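Coordinate-derived values only; no laboratory data. What you are looking at is a predicted structure, and each value in this text was computed from that prediction instead of being measured. Positions of Cβ are generated from backbone atoms using ideal geometry, with glycine treated the same way; all protein chains shown enter the neighbour counts.
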Amino acid sequence: MPEPVSNITVQMPRAKRAGLLLFFLGPAVAIYSLFSIYPLLATMALSTYTSDPSGARSFVGLANFETLLGDALWSKPFWNALRNNLIFFAVHMCVQNPIGIALAGLLSLPGVRLKGFYRTVMFLPTMLSVVIVGFSWNLILSPLWGVAAGALKAVGLGSLFAPWLGLESSALVTLSLISVWQFVGIPLMLIYAALLNIPEELIDAARVDGLGQFRIFFHIKLPLVLPTISLVSVLTFVANFNAFDLIYSVKGALAGPNFTTDILGTFFYRTFFGNQLQLGNPTMGAAVATVMFFIILLGLCLYLFLVQRRIRRYAF
Amino acid sequence: MANLRIEQLNKRYGATTVLNNVNLSIEDGEFVVLVGPSGCGKSTLLRMIAGLDGASGGDIHIAGKLVNALAPAERGIAMVFQSYALYPHMNVRKNMTFGLKFTGVPPTERERRVAEAARMLRLEELLERYPRDLSGGQRQRVAIGRAIVREPAVFLFDEPLSNLDAALRVSTRVEIANLHRLLKSTIVYVTHDQVEAMTLADRIVVMNKGRIEQVGKPLDLYYEPANLFVAGFIGSPAMNFFEAEVEGIEGGRARVAGTAFRNLDIPAGSLKVGDALTVGVRPEHLVRGEAGFFAAEGVVELVERLGEASFAYLRRVDGRMFVAEVRGRQTPAPGETMTLVAASPDVHVFDASGLRVAT
């Protein structure tokens, strides 16, 4: 048996071991610190300052957060954005991930032809630029020149058409579904890969036990890919609370109509950079960014402590 | 009544033929082992009996019923897989009852069967454990238990011992033999290990390139192989082969000559002068001597000592090697020239097409 690596490194001279550590870990630590940790800390630091019209900054402690959560002028749009963001996330969890799982299940069935073709087609939107996706759907759904109205009319469902992106009641859900359409390839691919990992003999054993493909999926495959599904959920959560580009490209920074599609990303953008009559406010923007960071951190902690620890990975 | 009848079974994938007109009849309660080199089609045949793979042609009857169109669960079979294929997210008890739930066995009956199988396989202590907490041998027993509770007409085993270490393989082999004695059920067992085949089988089916080469009792295959392939496949080390030719025929006897052994005298039968033959002798049937029915000479190059016997590797006159088993403490030394002889029942002659010729 080969010697365990830990023993080899333990026996090394101290200087050599330090050199080795530096060589292997140094580049990653340097890049990660420079581009991730430093900006994060700098943002947090910035959120504790305020600037006067002359541009001079002064330390104000947590006053920015007090304003953000206490002052109705700030807190109303903030809670609105957070609520919209939760809806955005809920739509992804309830639509994107179940569809991704179902498509992966179908693709992993024995005897499906053109698997590679379907896989590519379903993953294609994920590779498109969000700007192109947003612009295309804006055109498709446009009541003036979009094809959606005509297409619905052609199948006799013309009365169902509405300018979904323009209605306060449906704009957010419509945008969420556009995002679902674009990114359904990611849960599909991850879960498909996990399904391929399940040994063929296990499925054969289930067939001998009298299960049809449907039951095999629910009783055997699904429980075994649960770890991947939970991973997909976390990725969805993080991506959704960092989302910005789709809303910006379809609705602009004002996230209309009447801020009904405003999520934390767009709210942060307006705060930090300013928009139309609103002046940019970097210190308040940093406060919003910090709150977003803690929301995602909280979500991740809940996941790690409540979900991850109960899920078991199976070695086959 | 759980006999198994296979008629004209074919399996093709595109242009490749995996099974070629396989006919096999297995009696109720018989333990049949399918053996052959990898890629010979034995596993495919087993999977087709199970209903996991479809046939390109031919019929399978289980217990007198044509099962071609039936799903695996409806065929009255149970299968033990090479990797055991236990459900990793279910404990031992659930692994065993899971299939019964879907075939409509009532809960009390399920419990009774599990209890009985657990007793038989010494699994009582393990029923609440998960597969990840079990050793290889225990997993194997659970897999067998899962097959037993189905109370199948036919058990199918697909190389069930190949993932176990050598010691466990021997003890599990004995357990499977005991189980067969106890359950008296029909078993079809696939292996590439001829020791497993010889020790377990009532009858062995030797397969090669999608065909059945020979079906017979273990010792029949060993002492009277029907063809060159079976002769070379059964037995370890493999049988020695010597090229030969019919040199002359006189009075119903054929004189067989080769470069590496002294002339043989066998019944002529339908042999003609000039026919190419192959003469086969097992290493364990060669003994030191001066004259015998068969005699060959060689220079010892290497001796493998196993304890109860040693294998001498000898260079023949024609430059090729052959092996002889030497019993006892006195082993030949490399460089020594030996003459080895064999008695007539232990000498096998095969014709140019590989078929056995009566000696």
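Worth a mention:
- Relative contact order of chain A, pairs being alpha-carbon contacts under 8 Å that are 6 or more residues apart, as %: 24 percent
- Over the range B:237-357, relative contact order from alpha-carbon pairs under 8 Å, at least 6 apart, %: 27 percent
- This model, with +1 at the C-beta of Lys and Arg and -1 at the C-beta of Asp and Glu, gives the range B:219-331 a dipole about its Cα centre of some 240 debye.
- Choice from A:255, A:289, A:148 with maximal GNM fluctuation in chain A (Cα, 10 Å cutoff): A:148
- For the range A:92-133 and the range B:198-246, distance of Cα centres in Å: 53 Å
- Simple label model, 7 Å out from Cα along Cβ direction - residue B:288 to residue A:106, nm: 7.7 nm
- Whichever aspartates and glutamates have a C-alpha closer than 13 Å to that of residue B:272, once near sequence neighbours (fewer than 8 apart) are set aside: B:245, B:247, B:250, B:351
- Using θ = phi - 60° and Karplus 6.51 cos²θ - 1.76 cosθ + 1.60, couplings along the range A:96-112 (whole Hz; Gly, Pro as x): 4, 6, x, 5, x, 5, 5, 5, 4, x, 5, 5, 8, 5, x, x, 7
- Chain B: most fluctuating residue of B:291, B:226, B:63 per GNM, C-alpha cutoff 10 Å: B:291
- Förster radius 45 Å - calculated FRET efficiency between residue A:115 and residue A:66, Cβ distance, rounded to 0.05: 0.20
- Of all aspartates and glutamates in the structure, those lying under 12 Å Cα to Cα from residue A:76, and not within fewer than 8 positions of it along the same chain, are A:262.
- For chain B, the relative contact order comes to 15 percent (Cα pairs under 8 Å, sequence separation of at least 6).
- Shape call, chain A: gyration tensor on alpha carbons, a/c limit 1.5: oblate
- Shape call, the protein assembly as shown: gyration tensor on alpha carbons, a/c limit 1.5: prolate
- Under the convention that each Lys and Arg Cβ holds +1 and each Asp and Glu Cβ holds -1, the size of the dipole of the protein assembly as shown around its Cα centre is about 1800 debye.
- A simple spin-label model places the labels of residue A:315 and residue A:87 4.8 nm from each other, with each point 7 Å out along Cα-to-Cβ.
- Per-residue extension of 0.36 nm, minus the Cα-Cα distance of residue B:329 and residue B:299, leaves a gain of 8.9 nm for this segment.
- Residue B:183/residue A:40 FRET efficiency (R0 51 Å; Cβ-Cβ; nearest 0.05): 0.15
- Which of A:95, A:169, A:205, positive extreme of dipole for the range A:83-213 (C-beta unit charges): A:169
- Here the label points at residue B:262 and residue B:151, each 7 Å from Cα along the C-beta direction, are separated by 6.6 nm in the simple model.
- Restricting the trypsin sites (Lys or Arg not before Pro) of the range A:74-121 to loop positions (DSSP other than H, G, I, E, B) with no more than 13 neighbouring Cβ atoms within 10 Å leaves A:113.
- For the range A:179-185, 3J(HN,Hα) per residue [Karplus equation, 6.51 cos²θ - 1.76 cosθ + 1.60, θ = phi - 60°, Hz, x = Gly/Pro]: 5, 4, 4, 5, 9, 4, x
- The trypsin sites (Lys or Arg not before Pro) found in the range B:207-289 that occupy coil by DSSP, while having at most 16 further C-beta atoms within 10 Å, are B:209, B:262, B:272.
- Global form of the range B:1-92, assessed from the alpha-carbon gyration tensor, a/c cut-off 1.5: oblate
- Chain B - charge dipole about Cα centre, Lys and Arg +1 at Cβ, Asp and Glu -1, debye rounded to 20: 1280 debye
- Residues of chain B were split at every exposed loop site, defined as GluC sites (Glu not before Pro) in a DSSP loop with at most 14 other C-beta atoms within 10 angstrom, and the longest piece left, sites excluded, is B:129-289.
- Database remark: amide H of residue B:286 closer than 5 angstrom to the amide H of B:325 (H placed geometrically; neighbours at sequence offset of 5 or more, or on other chains; Pro and chain starts carry no H).
- Computed from the C-beta positions of residue A:242 and residue A:58 and an R0 of 35 Å, the FRET efficiency is 0.70 to the nearest 0.05.
- Unit charges at the beta carbon, dipole of the range B:97-165: most positive-side option, B:114, B:138, B:161: B:114
- Over chain A: helical MRE at 222 nm, DSSP H runs n ≥ 4 each giving -39500 (n - 2.57), nearest 500: -19500 deg cm²/dmol
- Considering helices alone, the calculated mean residue ellipticity of chain B at 222 nm is -7000 deg cm²/dmol, with DSSP H runs of length four and up weighted by -39500 (n - 2.57) and normalised per residue.
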